[in-house]
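Derivation of every value follows stated rules applied to the coordinates shown; laboratory data play no part. Note that the coordinates shown come from a computational prediction; the quantities given were computed from them, not determined experimentally. Cβ sites come from the backbone with ideal geometry, for glycine too, and all protein chains shown count toward neighbours.
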Amino acid sequence: MIVPMREHHIKQIASLETQCFSDPWSEASIAEELRNPLSTWLVDETDGVVTGYIGAQSVPPEADVMNLAVSPACRRQGIGARLLCTMTDVLHREGIETLFLEVRPSNVAAIALYKRHGFVQVGRRPKYYVNPTEDALILRKEL
Ligand SMILES: CC(C)(COP(=O)(O)OP(=O)(O)OC[C@H]1O[C@@H](n2cnc3c(N)ncnc32)[C@H](O)[C@@H]1OP(=O)(O)O)[C@@H](O)C(=O)NCCC(=O)NCCS
């Protein structure tokens, strides 16, 4: 079930961040997002266990997907796609017209997901990522 992120999800999200990313968000910065009126975070949970999450920040009429991750044990079950579609719907209802995101060129799984859901590459940020250093592809979708 996909629900808005709440305080009790933060620890599990921070734990998934460390499992899924080499430069994870800290618990404190995730908690900060709950207080940021420009941020929208959604969580997929089953019986109280967080299986995935997605976060975006809006500067209407544009928004940026900050992160998307699914627990390694729960991948290829459609959770990532559902989180992305739900976020797109929520932002569209809030008046967002254009959605951006950054992704590592080596992240074949995420790129496949985003392209399947209508994102197109519109640019590249040199050396955007650290640990390891890598460019970012900038993808965009018109909602
Ligand atoms: C990217 C990620 C969120 C995808 O989540 P997921 O729940 O496994 O994705 P879904 O099951 O919804 O997959 C939807 C589609 O994406 C594509 N896809 C997902 N994983 C893929 C993989 N490993 N290889 C190729 N295509 C893949 C497929 O087109 C898939 O559809 P299909 O299963 O019908 O073929 C997940 O792999 C993840 O958490 N990765 C680590 C964190 C990360 O890199 N996040 C993105 C940062 S930009």
(Q) Quick check: net charge around Trp41, other residues with Cβ under 10 Å of its Cβ, Lys/Arg +1 and Asp/Glu -1? (A) 0
Q. Where does the chain land at 222 nm, in deg cm²/dmol rounded to the nearest 500, when only DSSP H runs of n ≥ 4 count, each adding -39500 (n - 2.57), divided by all residues?
A. -9000 deg cm²/dmol
Q. For Leu38 and Arg104 in the same chain, what is the full-extension length gain: residue separation times 0.36 nm, less their Cα-Cα distance, in nm?
A. 21.3 nm
Q: For region 2-142, build the charge dipole from Cβ charges (+1 Lys, Arg; -1 Asp, Glu) around the Cα centre, then report which of Gly95, Ala112, Cys74 sits farthest towards its positive end.
A: Ala112
Q.
What whole-number volume per residue, in cubic angstrom, does the convex hull of the C-alpha atoms of region 2-142 give?
A. 105
Q. How far is it, in nm, from the label point at Gln121 to the one at Arg140 when both lie 7 Å from their Cα along the line to the Cβ?
A. 1.6
Q: Rounding to the nearest 20 debye, state how big the charge dipole of the chain is about its Cα centre with +1 on each Lys and Arg Cβ and -1 on each Asp and Glu Cβ.
A: 500
